[in-house]
Structure formats: C-alpha cells, structure tokens
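Okay, so here's the structure we're looking at.
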Amino acid sequence: MSKDVVKWVLAVCAIGLLAGCATPTVESRKKERYAAYAALSPDMREAVDRGTVKVGMPMDAVYIAWGNPDQVTQSGNASGETTTWMYYGGYMAQSSYWGWQRLHYVYTPVNYVRAEVVFANGSVREWRTFPQPPY
C-alpha cells in the first residue's frame with residue numbers, strides 16, 4: 001500500500017471516530033436533562049432507557065429517548081393544537097447504467113421520514129415509525 005493510501009485511510013478512520021464521539025446518546029441526554037428524567041415515573045424511565053416512546057410521555061422524555069427532531073411542525077383544528085416532531089433517516093440508493101465500455105454505478109442519497117411523534121398539551125398523543133422505502 002502506498003503512503004498516500006495509508007494516510008487517506010487513517011484520515012477517514014479518524015473522522016469516523018470523531019463523528020461517533022460527537023453523536024449524543026440516551027445517556028448523555030439523560031445527564032443533560034437529569035431533572036426531567038428523574039421526574040418521570042418508573043415505567044416512563046424504563047421506556048426512555050430502552051430508547052422507546054410511549055403515549056403520555058412529556059416532550060423532554062421523547063428528547064432523551066430519541067434526540068432532537070429533524071423537523072417540528074405545528075397544526076390545529078377544532079379539537080386543539082398539536083406539535084409534530086419528525087425524525088429522518090437516510091440511505092444510499094444504488095443505480096447503474098451502461099457507459100463507455102463498462103457498467104457504471106451511481107449512489108444517490110435518499111432521505112425519508114423514519115418516525116413522527118404528535119404532541120398535544122405537551123405530551124405524546126400518538127407516534128409512529130416508518131420503514132425504509134424500497135430502492
């Protein structure tokens with residue numbers, strides 16, 4: 001292996017490690033909002049520790065379990081107002097085509113709504129997860 005390739009591989013590994021260390025976890029979010037976590041009932045704390053969401057959870061508990069939402073929307077009707085937190089997922093979709101004397105591969109990033117949580121009066125009214133769409 002050439003020195004340039006080794007340097008490139010080491011740089012990619014270092015970036016990956018740094019990115020992994022910067023990703024907040026349930027444990028770090030529990031420390032960040034310890035008072036909110038401590039105020040939860042035992043069954044709600046257990047759900048948060050597993051990284052799951054339950055109907056009736058307050059917003060702080062959902063934040064601790066799933067992290068910051070990627071998008072927040074507000075809506076309302078005759079029944080009242082709601083806040084919806086949306087979480088996105090992503091993957092690289094592969095496609096191919098025949099080009100000059102060979103098959104070429106193209107990878108395109110695809111984002112999709114992976115989960116949403118609807119809050120009414122500050123607590124979870126409903127939540128749902130969505131599967132990754134097919135390629």
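Listed by Cβ neighbour count within 10 Å, with the fewest neighbours leading, 53, 106 appear as 106, 53.
Which percent of the Cα-Cα distances in segment 17-135 go past 19 Å? Summing the P(r) tail past 19 Å for segment 17-135 gives 59 percent. Derived scalar couplings between HN and Hα for segment 42-48 equal x, 5, 5, 4, 4, 5, 4 Hz in order, rounded to whole Hz, by the Karplus curve 6.51 cos²θ - 1.76 cosθ + 1.60 (θ = phi - 60°), x for Gly and Pro.
Under a model in which nothing but the beta-carbon of Lys, Arg (+1) and Asp, Glu (-1) is charged, segment 26-135 shows a dipole of about 260 debye around its Cα centre. Using θ = phi - 60° in the Karplus curve 6.51 cos²θ - 1.76 cosθ + 1.60, the 3J(HN,Hα) couplings for segment 75-91 round to 8, x, 7, 4, 7, x, 9, 9, 10, 10, 9, 10, 10, 9, x, x, 7 Hz; x is entered for Gly and Pro. With the charge dipole of segment 68-135 set up from +1 on Lys and Arg Cβ and -1 on Asp and Glu Cβ about the Cα centre, the Cα lying farthest toward the positive end among the listed residues 109, 87, 72 is that of 109.
Near the amide H of residue 70, within less than 5 Å, lie the amide hydrogens of 86, 87, 88, all on another chain or at least 5 residues away, with H placed in the peptide plane.
Coordinate-derived values only; no laboratory data. Computed from a prediction, not measured in an experiment: that's the story for all the values here. Using ideal geometry, Cβ is built from the backbone for each residue, glycine included, and neighbour counts are taken over all protein chains shown.
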